[in-house]
Amino acid sequence: MSDERIGPPLLRGERETVRAFLDFHRATLAMKCDGLSDEDLRRQSMPPSTLGLVRHMAEVERTWFRRVINGEDIPLVWSDEGDYQVAYDASASTRLDAFGAWQREVEHSRRIEEKAESLDVTGYQPRWGEQVSLRLVMLHMVHEYARHNGHADFLREGIDGTVGA
């Protein structure tokens, strides 16, 4: 197995971008399992907080759509210092607070995407020092939700046994 993944192109067409995301996720599965024994791969792990995932996704929505694509100079939802890890600490959070923030950010994201002329609209991603297309952002968000919905599946099963989509 290989732990080398090639990130998706930042400004390419649909086919290249979708193909790259699919290959990235294929390589991610291999990477997550690389170096683990059969026993390790069978072991059940301990869950983190599901509410922390919701808070994290509010930050992700805000960052990619409002800060990157829309160029808004705003802080993160839970950290004025730009510390993304703060969102995972849901110890003092409530369902109402976390889901309220997430839903507000999703609404902003939808408005930004709907107003964009096309998926070729770009914004600046300072972390990468590059322009990125709305196409990449939309596919990256699919990637983020896919990853974290998988986490949420395991967390929910551990809480009350509910499985499936």
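A few remarks follow.
- Flag for ALA20 being under 19 Å from HIS143 (Cβ atoms) and in contact with a Gly (Cβ under 8 Å, 6 or more places away or on another chain): yes
- Matching residues, the stretch 54-101, being touching a helix residue (DSSP H, G or I) at 6+ places or on another chain (Cβ under 9 Å) and among the basic types (Lys, Arg): ARG55, ARG62, ARG66, ARG95
- Subset of the stretch 93-104 [hydrophobic (A, V, I, L, M, F, W, C), open to solvent by 100 Å² or more (accessible area, probe 1.4 Å) and touching a Leu at 6+ places or on another chain (Cβ under 8 Å)]: none
- Qualifying residue in the stretch 69-82 (condition: outside any loop (DSSP other than H, G, I, E, B) and either farther than 20 Å from TYR124 by Cα or over 19 Å from the mean Cα position of the chain (by Cα) (or both)): no
- Candidates ARG26, ARG67, ARG5, filtered to the one that is open to solvent by 70 Å² or more (accessible area, probe 1.4 Å), at pLDDT 85 or above and either basic (Lys, Arg) or in contact with a Leu (Cβ under 6 Å, 6 or more places away or on another chain) (or both): ARG67
- For the stretch 113-165, filtering for residues that are surrounded by 11 or more Cβ atoms within 10 Å (Cβ to Cβ) and charged (D, E, K, R) leaves 9.
- Residues satisfying the stated conditions in the stretch 85-110, i.e. under 19 Å from PRO75 (Cα atoms), charged (D, E, K, R) and within 19 Å of the chain's Cα centre (by Cα): ASP89, ARG104, GLU105, GLU107
- Number of the exception - ALA90 against (1) outside any loop (DSSP other than H, G, I, E, B); (2) open to solvent by less than 60 Å² (accessible area, probe 1.4 Å): (1)
- The residue list ARG12, ARG110, ARG55 contains one member that is surrounded by 15 or more Cβ atoms within 10 Å (Cβ to Cβ) and in a helix (DSSP H, G or I), which is ARG55.
The values are calculated or read from the model by the stated rules, or taken from the named source; none is laboratory data. Since this is a predicted model, take the numbers as computed values, not measurements. As a convention, Cβ positions derive from the backbone with ideal geometry for all residues, glycine included, and neighbour counts pool all protein chains shown. What goes into the accessible areas is simple: the full protein's heavy atoms, side chains included, and nothing from ligands, DNA or RNA. Shrake-Rupley method; radii C 1.70, N 1.55, O 1.52, S 1.80 Å.
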